[in-house]
Amino acid sequence: MAGIDDLPPLREVIATHGLSAKKALGQNFLLDLNLTAKIARAAGDLTAADVLEIGPGPGGLTRGLLASGARHVVAIEKDPRCLPALAEIAAAYPGRLTVLEGDALATDATVHLTPPYRIAANLPYNVGTELLVRWLTPPSWPPAWESLTLMFQKEVAQRIVARPGSKAYGRLALLAQWRADAQIVMSLPPGAFTPPPKVSSAVVRLDALPQPRYPADAATLSRITATAFNQRRKMLRASLKGLAPDIERHLEAVGIAPTDRAEQIDLERFCALARRLAPER
Ligand code: SAM
């Protein structure tokens with residue numbers, strides 16, 4: 001079968017450039033270009049979009065994104081050893097790949113991107129969670145991105161899409177689902193990666209909603225959910241009592257029984273509570 005491009009297979013790229021995987025950088029590479037092309041397709045129609053990729057490594061997903069027609073890919077990579085391999089991809093796709101060397105947590109790529117852009121990444125999971133929270137909490141909404149297509153450890157992916165009443169349901173689900181549609185679009189076994197990680201992975205796709213699903217002040221909602229889920233086994237009348245002296249009355253007013261626990265409460269009622277407890281402006 002013909003490859004997705006005319007560049008060498010990734011195993012050869014890794015051997016040529018001496019890219020032995022470094023654990024400290026969370027390097028678990030995807031070497032199957034058909035799989036990376038599939039992940040790129042899960043990111044949607046890229047032909048009219050700029051794409052921000054975090055952690056391109058030897059460039060498997062980068063090549064998938066470019067072969068899927070991405071107008072312009074901007075990729076941030078922390079490991080300088082990967083830069084020559086990425087330069088070869090840039091040469092094969094003239095004017096369509098910009099590589100920035102640096103830590104994605106400290107690199108501003110926005111000057112290179114035309115919003116609304118898409119974001120795609122296969123990242124170490126701790127960096128991924130921190131970036132996800134940042135992308136979901138910009139100073140104003142809608143954000144500069146229209147979709148996020150991100151690889152996570154499966155357990156984290158389940159926390160992002162979790163529904164009330166499940167063990168995985170918590171702050172991350174509420175934050176993600178308040179202002180985005182979130183779904184798991186692909187599951188990958190450890191063997192899909194080189195070297196294989198200890199756990200399974202999943203790709204989550206998040207699409208930004210034009211406005212939050214229910215109105216609420218972001219800071220108040222965040223304070224309530226943090227307080228409620230920090231003591232998730234307590235009844236809400238106990239865990240939230242520090243937020244308002246008459247908390248039971250507020251809970252009842254939005255349809256929450258004071259004896260309910262955080263994991264039973266859906267997003268709509270958390271937002272209603274945030275509207276009642278928001279400081280006057
Ligand atoms: N995207 C490639 C793939 O799918 O094969 C590599 C994935 S590997 C799981 C994670 C990549 O993120 C590595 O190339 C690593 O060097 C890079 N990385 C780790 N921490 C980073 C950070 N803070 N900023 C940018 N890149 C980072």
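Values in this text are rule-based calculations from the coordinates and carry no lab data. Because the structure is a prediction, the values reported are computed rather than measured. For neighbour counting, all protein chains shown are included, and Cβ atoms are generated from backbone atoms with ideal geometry for every residue, glycine included.
The phi torsions of the range 252-264, fed into the Karplus equation with coefficients 6.51, -1.76 and 1.60 and a -60° offset, translate into couplings of 4, 5, 9, x, 10, 6, x, 8, 5, 10, 3, 6, 8 Hz, rounded to whole numbers, with Gly and Pro shown as x.
Look at 82, 271 and count the other Cβ atoms within 10 Å of each Cβ; fewest to most, that gives 271, 82. Taking amide H atoms as placed 1.01 Å from N in the peptide plane, the amide H of residue 186 lies under 5 Å from those of 203, each 5 or more residues away in sequence or on another chain. Of the residues 268, 12, 263, 53, the one with the fewest other Cβ atoms within 10 Å heads the list, and the complete ranking is 12, 268, 263, 53. Among 55, 242, 128, the largest mean-square fluctuation in a Gaussian network model of the chain, built with springs joining Cα atoms closer than 10 Å, belongs to 242.
Among the listed pairs 22/198; 23/78; 154/241; 198/234; 167/241; 23/167, those whose Cα-Cα separation exceeds 25 Å are 154/241; 198/234; 23/167. Counting beta carbons within 10 Å around each of 130, 146 and listing the fewest first gives the order 130, 146. Principal axis analysis of the Cα atoms in the range 180-281 yields extents of 55, 33, 20 Å, listed in decreasing size. Between the amide H of residue 27 and those of 22, distances stay under 5 Å, these residues lying 5 or more places away or on another chain, with hydrogens modeled in the peptide plane.
Taking the DSSP bridge list for the chain and keeping only pairs wholly inside it, about 45 percent are antiparallel.
Each principal axis of the Cα atoms in the chain has its own extent, and those three values, largest first, are 66, 37, 32 angstrom.
Charge dipole (Cα centre; +1 on Lys/Arg Cβ, -1 on Asp/Glu Cβ; no other charges) of the chain amounts to roughly 1060 debye. Among 122, 226, 76, whose Cα lies farthest out toward the positive end of the dipole of the chain, if unit charges sit on the beta carbon of Lys, Arg (+1) and Asp, Glu (-1)? The listed residue farthest towards the positive side: 226.
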